[in-house]
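*Asks:* Questions regarding the structure given below will be posed in turn.
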Amino acid sequence: ARPASASAAARSGIVAQPVERVACKSVRREVRTLSEVDRGLLITTMRTMYNTSTAEGNVKYGPAYRGVEWFARAHLHGAASRDCDHWHDGAGIVTHHVSFTLLFEQVLQLIAPSVSVPYWEYTFDTYSYGPHWAQSSELFRPDWFGNMPADDSLTHAIDKGTWAHLEVMSNARNYSSIVNAYGLLRSPWNTNKSPYVGRHVSINNHSMYEAFPSCKESWACFKSANISVMNRCLNGYTHGPVHIMLG
């Protein structure tokens with residue numbers, strides 16, 4: 001504590017007391033390098049966010065809180081509108097997803113201030129596991145992000161661990177102008193009628209990809225001398241197939 005007067009400071013032996021402003025920075029690490037405690041807190045906080053709607057969270061965490069349904073709707077409006085994919089084509093992939101991730105992180109920090117969003121270096125999975133990534137990668141453990149593929153052959157829902165039977169917002173037409181044919185908060189061309197987040201290894205029984213992008217393919221994006229070529233590369237093979245591979 002600051003001494004009440006100069007004489008008090010002299011008696012305490014304090015000659016000078018600096019006052020500094022300290023900046024607290026969030027550091028993003030590869031998800032496998034997180035400690036077990038930090039990773040457990042991240043997953044628990046994410047699950048809390050997925051279970052707490054925007055309305056409930058505004059009461060509990062303040063007006064800046066947004067539930068996962070808000071993020072799902074925002075991504076649909078940016079990427080699933082009929083006129084144009086604003087979030088992926090051209091420069092959209094980097095600009096929108098950087099800001100989207102930052103906003104997601106800020107909401108997590110309303111729940112647990114020490115949490116930061118990690119990144120997933122999936123070229124490591126290509127290098128280490130090849131086509132056996134689903135069975136071997138730590139990311140798909142039940143206590144991490146859930147098994148891949150899902151064991152439920154009817155709904156393809158995750159059925160073990162933290163993310164078991166994670167629900168998609170249903171009867172969402174009054175909430176979002178973009179829904180699928182069953183009124184679920186999904187893109188119009190996603191005809192999945194299951195109310196759960198699903199994971200499957202094929203689309204219409206056709207396996208699309210067997211391994212994630214490699215270091216070679218990722219490096220091809222960044223060695224480009226043209227930003228438009230780089231954006232196209234980042235939106236293309238280094239990004240799109242990952243969605244398909246996860247179902």
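The values are calculated or read from the model by the stated rules, or taken from the named source; none is laboratory data. Every value quoted in this text rests on a predicted model; they were computed, and no experiment measured them. Because the Cβ atoms are built from the backbone with ideal geometry, glycine has one as well, and the counts that use them run over all protein chains shown. Surface accessibility is based on the protein's heavy atoms, side chains included, excluding ligands, DNA and RNA. Shrake-Rupley method; radii C 1.70, N 1.55, O 1.52, S 1.80 Å.
*Asks:* Within segment 136-189, which residues are more than 22 Å from Phe71 (Cβ to Cβ) and charged (D, E, K, R)?
*Replies:* The answer is Glu138, Arg141, Asp143, Asp151, Asp152, Asp159, Lys160.
*Asks:* Residues of segment 55-70 being open to solvent by less than 60 Å² (accessible area, probe 1.4 Å) and either under 17 Å from the mean Cα position of the chain (by Cα) or modelled with pLDDT under 95 (or both), which ones?
*Replies:* Those that are open to solvent by less than 60 Å² (accessible area, probe 1.4 Å) and either under 17 Å from the mean Cα position of the chain (by Cα) or modelled with pLDDT under 95 (or both): Tyr65, Gly67, Val68, Glu69.
For (1) of a type in the set (Asp, Glu); (2) open to solvent by less than 30 Å² (accessible area, probe 1.4 Å), each residue gets a yes or a no:
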site: Gly161; (1), (2): no, no
site: Val168; (1), (2): no, yes
site: Ala172; (1), (2): no, yes
site: Arg186; (1), (2): no, yes
site: Thr191; (1), (2): no, no
site: Tyr196; (1), (2): no, no
site: Glu210; (1), (2): yes, no
site: Val229; (1), (2): no, no
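*Asks:* Could you check Arg73 against (1) part of a helix (DSSP H, G or I); (2) modelled with pLDDT of 95 or more; (3) open to solvent by less than 50 Å² (accessible area, probe 1.4 Å) and say which number it fails?
*Replies:* It fails just one condition, (3).
*Asks:* So, one more: So, in segment 130-143, exactly how many residues are surrounded by fewer than 19 Cβ atoms within 10 Å (Cβ to Cβ) and in contact (Cβ under 8 Å) with a residue 60 or more places away in the chain?
*Replies:* Summing the residues that are surrounded by fewer than 19 Cβ atoms within 10 Å (Cβ to Cβ) and in contact (Cβ under 8 Å) with a residue 60 or more places away in the chain in segment 130-143 gives 6.
*Asks:* Which residues, taken from segment 93-128, are in a helix (DSSP H, G or I), open to solvent by less than 70 Å² (accessible area, probe 1.4 Å), in contact with a helix residue (DSSP H, G or I) (Cβ under 9 Å, 6 or more places away or on another chain) and touching a residue at least 60 places away in the same chain (Cβ under 8 Å)?
*Replies:* Ile93, Val94, Leu108, Gln109, Ile111, Tyr122, Thr123, Asp125, Thr126 - these are the residues of segment 93-128 that are in a helix (DSSP H, G or I), open to solvent by less than 70 Å² (accessible area, probe 1.4 Å), in contact with a helix residue (DSSP H, G or I) (Cβ under 9 Å, 6 or more places away or on another chain) and touching a residue at least 60 places away in the same chain (Cβ under 8 Å).
*Asks:* Here are some residues: Asp38, Asp89, Asp83. Which one is open to solvent by 70 Å² or more (accessible area, probe 1.4 Å), part of a helix (DSSP H, G or I) and either in contact (Cβ under 8 Å) with a residue 60 or more places away in the chain or of a type in the set (D, E, K, R) (or both)?
*Replies:* Exactly one of Asp38, Asp89, Asp83 is open to solvent by 70 Å² or more (accessible area, probe 1.4 Å), part of a helix (DSSP H, G or I) and either in contact (Cβ under 8 Å) with a residue 60 or more places away in the chain or of a type in the set (D, E, K, R) (or both), namely Asp38.
*Asks:* Given the residues Gly161, Gly92, which is the only one that is within 20 Å of the chain's Cα centre (by Cα), more than 23 Å from Val37 (Cα to Cα) and of a type in the set (Gly, Ala, Ser)?
*Replies:* Result of the check over Gly161, Gly92: Gly92.
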